1. Of the DSSP beta bridges with both residues in the chain, give the percent that are antiparallel, rounding to the nearest 5.
2. Which of 336, 87, 227 comes first, and how do the rest follow, when ranked by fewest Cβ neighbours within 10 Å?
3. Please get the size of the charge dipole for the chain, origin at its Cα centre, with Cβ charges of +1 on Lys and Arg and -1 on Asp and Glu, quoted in debye to the nearest 20.
4. Which of 46, 76, 114 sits closest to the plus end of the dipole of the stretch 17-119, meaning its Cα is farthest towards the positive end, when Lys and Arg get +1 and Asp and Glu get -1 on the C-beta?
5. When a footprinting reagent is the concern and you count Cβ atoms within 10 Å, what order do 26, 61 take, fewest first?
6. So if we plug the beta-carbon distance of residue 122 and residue 4 into 1/(1 + (r/R0)^6) with R0 = 30 Å, what FRET efficiency do we get, rounded to 0.05?
7. Sort 116-123, 292-299, 14-21 for me by packing, meaning the mean count of neighbouring Cβ atoms within 10 Å per residue, highest on top.
8. When a/c reaches 1.5 or more, the comparison of a/b and b/c decides; with that in mind, is the stretch 1-76 rounded, prolate or oblate per its Cα gyration tensor?
Amino acid sequence: MSATQWLTFVPVAPGLEAALADEVESLVPGVKLKRRAGGVEFRVDLPGLMTVARRSRIAESVRVRVARFEARDFRTLEAGLDRVPWDAYVRRGTEPVIRVRARRSKLIHSDAIAERVGRALERRGPGPGGPAPTVHVRLEKDRVQVSIEAADELLHRRGWRGEGGQAPLRENLAAACLALSGWEPVAPLWDPFCGSGTLILEGLARRAPGLLAESQERQIQRWPIFDAETWDGLELERCEPPEGGALLGTDRDGEAVARANGNASRAGVAEAARFEVAPLAQAEQRVPQGAAVVTNTPYGKRLAGGKDLRRAFHDLGRLLAHRTDLGPVVALVGHDRFERDTRLKWNTVVQFPNRGTRVRLVRLNR
């Protein structure tokens with residue numbers, strides 16, 4: 001079965017394609033991939049597909065392209081749908097979620113298109129039913145593309161997040177920031193604006209793969225051709241957690257720190273990651289020598305803005321100027337005053353959208 005090669009598309013926030021490509025290449029050595037706008041595309045065998053679906057921390061989801069054909073009317077759409085090898089991916093008797101996107105096509109009624117997909121599945125006859133993977137149908141200039149979900153539409157959800165706070169950073173975006181930061185997982189890590197703890201917990205997962213148990217089912221496990229033996233062989237070895245304090249998150253907001261500690265408890269790593277209430281001036285004394293700094297700075301939503309925001313940036317800049325041992329230092333920035341108020345030199349690493357805000361990942365130029 002592994003001889004079959006699946007054409008796979010893995011979406012990501014626009015701007016993070018290079019980080020995702022590096023991750024996929026590390027997960028599936030030798031894979032030949034193409035960067036697309038908003039993701040990467042590649043052909044991979046079943047073990048490789050399972051590896052990406054289970055281990056990628058940057059991906060938004062993982063979709064396998066199972067059919068392409070042209071349809072300018074519903075008759076040809078139905079004929080094309082009947083040729084899709086559904087039995088490999090969707091069990092008979094199931095009713096999968098069907099996502100439709102149509103642009104510049106003669107067939108533009110999403111509900112009518114989804115109805116035809118449902119009929120094509122029903123025409124196969126009865127079956128045992130059960131959970132089914134999501135079916136994605138995209139029409140672009142009368143070209144139909146059918147994809148099946150292999151991971152999950154909300155792959156960023158790790159299963160441990162409770163209340164995320166006012167401006168949470170998605171877990172997969174945090175993983176991308178860490179991958180681009182230059183931080184080596186053997187070194188200490190500090191997040192001075194830790195919020196709900198996402199960056200530190202993703203750092204812990206990167207430092208000790210398998211330590212954070214993943215409760216989320218992957219949709220490839222619903223496929224009729226799913227190979228449980230191969231899947232079980234991909235289980236990550238559980239590593240010992242780092243010594244307490246090696247991954248430190250601080251924040252002046254006590255409620256945010258309480259959320260971070262709650263998230264760490266739900267993830268089962270309360271002893272491995274430390275979250276404390278401390279403004280920047282107090283936090284400096286607790287940061288280990290030579291720690292990397294990776295943080296998601298306030299955009300004006302997590303603070304009242306104005307003087308409070310500028311003071312926070314000024315205090316961070318003064319601390320970093322004093323603690324020259326800290327590095328690498330990267331910050332996710334959504335406010336145009338950040339560089340000016342820190343009074344330090346920063347280089348932009350990458351830009352991408354985060355919950356409607358265009359943000360920049362910047363690295364301190366020592």
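1. Working: 38 of 57 bridges.
Percent antiparallel among DSSP bridges in the chain is about 65.
2. Values: 336 8, 87 12, 227 15.
Going from sparsest to densest Cβ surroundings: 336, 87, 227.
3. Approximately 1480 debye in magnitude.
4. 76
5. Values: 26 12, 61 24.
Listed from fewest to most nearby Cβ atoms, that is 26, 61.
6. FRET efficiency, residue 122 to residue 4: 0.70.
7. Top of the packing list down: 292-299, 14-21, 116-123.
8. oblate
Bear in mind that the values in this text are calculations on the coordinates, not laboratory data. Computed from a prediction, not measured in an experiment: that's the story for all the values here. All Cβ positions, glycine included, derive from the backbone under ideal geometry; neighbour counts span all protein chains shown.
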